[in-house]
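Have a look at the structure below, then the notes.
The values are calculated or read from the model by the stated rules, or taken from the named source; none is laboratory data. Only a predicted model underlies this, so the values are computations on that prediction, with no experimental measurement involved. Glycine gets a Cβ as well: all are built from the backbone with ideal geometry, and neighbour counts include every protein chain shown.
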Amino acid sequence: TFTRPVTGVSLKIGSGQSAGQTIALTAKTDSGKVVDTETILLRSDEMEIVSLTSTKRNIKRVMITLPEGSNACAFIIDDISTTP
């Protein structure tokens, strides 16, 4: 959750233990409306850069979930940055 709404969020994500599994990242407004979503395949050889964006300054939170069938149990998130 962000103190103030933003127009973009960027982060790196990866996993050695759960490489090959999928993970979903969803940007939402303060009221819970979905603004953007990305589903990625976790890699062990390097961190994946994920960017979530909006045409308005309305991203208030980013949710991380496991899509159906994913068994990802451990992952690392690093270098989180926002665009005002």
Exercise for review: Please tell me if Glu68 is surrounded by fewer than 12 Cβ atoms within 10 Å (Cβ to Cβ), of a type in the set (D, E, K, R) and either more than 15 Å from the chain's Cα centre (by Cα) or at pLDDT 95 or above (or both).
Suggested key: yes
Check your understanding: Of Leu41, Leu25, Leu52, which residue is aliphatic (A, V, I, L, M) and out of contact with any Leu (no Cβ under 8 Å at 6 or more places or on another chain)?
Key -> Leu41
Review point. Any residue in the range 48-55 that is surrounded by 12 or more Cβ atoms within 10 Å (Cβ to Cβ) and over 21 Å from Phe2 (Cβ atoms)?
Key: yes
